[in-house]
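The values are calculated or read from the model by the stated rules, or taken from the named source; none is laboratory data. Predicted, not measured: the structure shown is a model, and the values here were computed from it. Cβ: placed from backbone, ideal geometry, glycine included. Neighbour counts: every protein chain shown.
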Amino acid sequence: MTLQDYITFVLATAAVMATPGITISNVTGTAMSRGVGAGFLVEAGAALGRVTMLIILGLALDIVSEIIEAAFTWIKLVGAAYLFWLGIRAIRQPHTLTPERTQGRDAGLLVIRGFLVLWSNPKAFLFLGAFIPQFIDTQAPVWPQIAQLGAIWLIVAFLVDGAYILGAGRIRAALAKSGGHALGWVSGLVLIAAAVWLASQQNA
């Protein structure tokens, strides 16, 4: 790949990752309801999900893509239902105005949540499978290229999501003036909106 190819890849990745979607809604909703630390734990889970996508991409893209495409509707509906449930729970449960400490089992659950929500959107993998191969030189070994491009993708994704999480932390601080109930409503509605968006996606 030339320098221009790398620049194009970084810019395209940043543009795609910056577009609000299910993962951004998940991390921002969590950061607003439970604090920036919880948001980054969910982001860690999403990063693990992206790593598994990259591994699968290198191993058996065609076969796995067909399986995911065939189960597209069920996967997205399960993911949408889970997000909707998280949104309702965020609205109904009381919130403190200080970030909650997340340790042990609770921290692990947040990481798992980030992983599952990322994988609940089949288009994430299908897009990745169509995007990265455009920058791969078929005359050279594929795995090193996937590893290199994947590392860039992971870094850009973390930086973009991290910016959203920190922004959500600022919103949380602003909403603290109106009480914990407002935090629950805003974070809950963000998650519910993501659920509706996911459920409405078509398998293109």
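Looking at the stretch 42-63, which of the residues that are in contact with a Gly (Cβ under 8 Å, 6 or more places away or on another chain) and more than 21 Å from Thr30 (Cβ to Cβ) is modelled with the highest pLDDT? Out of the qualifying residues, it is Leu54. Do the conditions hold for Gly58, that is, is it over 19 Å from Ile136 (Cβ atoms) and among the small types (Gly, Ala, Ser)? No; evaluated as a whole, the condition is false for this residue.
Between Gly150, Gly188, Gly129, Gly167, the distinction of being under 23 Å from Ala46 (Cβ atoms), modelled with pLDDT of 70 or more and out of contact with any Ser or Thr (no Cβ under 8 Å at 6 or more places or on another chain) belongs to Gly150 only. In this structure, Ala90 does not satisfy being modelled with pLDDT of 75 or more and either within 19 Å of Gly114 (Cα to Cα) or surrounded by fewer than 19 Cβ atoms within 10 Å (Cβ to Cβ) (or both).
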